[in-house]
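Take a look at the structure below.
The values are calculated or read from the model by the stated rules, or taken from the named source; none is laboratory data. Model, not experiment: these values are computed from the prediction. Cβ: placed from backbone, ideal geometry, glycine included. Neighbour counts: every protein chain shown.
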Amino acid sequence: MGGRYSAQQFRTARYGVRGANQNTTIRFSDDVSIEGHPLPAGTYGLHTFPTADQWDDRFSKNSTSWGSFSYDEKEDALRVAVKPQPAETKTRGVYLPKM
């Protein structure tokens, strides 16, 4: 891996993890086009493998696995390469009273 990465980015690059300990999913109620490629309506596991120049987003037909640790490229419905863009990061916390 080239460049500098935070611990989270390294973990993401190594395992394709987006969420913590669960499969990050995305659901489309209609057929969609992503980067010019068709993807049928459905729920997909979303896995990202970043490098310094591009990120490979993979939409897996397996949306119920435990995170990306059991990711299998044979289950990919679609792969797209995207160029990362700088974005402002915002954090919002929600605090609930103890019950």
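Look through the range 83-99, keep the residues that are of a type outside the set (Lys, Arg) and closer than 29 Å to Ala52 by Cβ, and return whichever of them is surrounded by the most Cβ atoms within 10 Å (Cβ to Cβ).
Pro84
Residue under question is Phe28, and the condition is that it be modelled with pLDDT of 65 or more and either among the basic types (Lys, Arg) or surrounded by 10 or more Cβ atoms within 10 Å (Cβ to Cβ) (or both); does it hold?
Taking the combined requirement at face value, the residue satisfies it.
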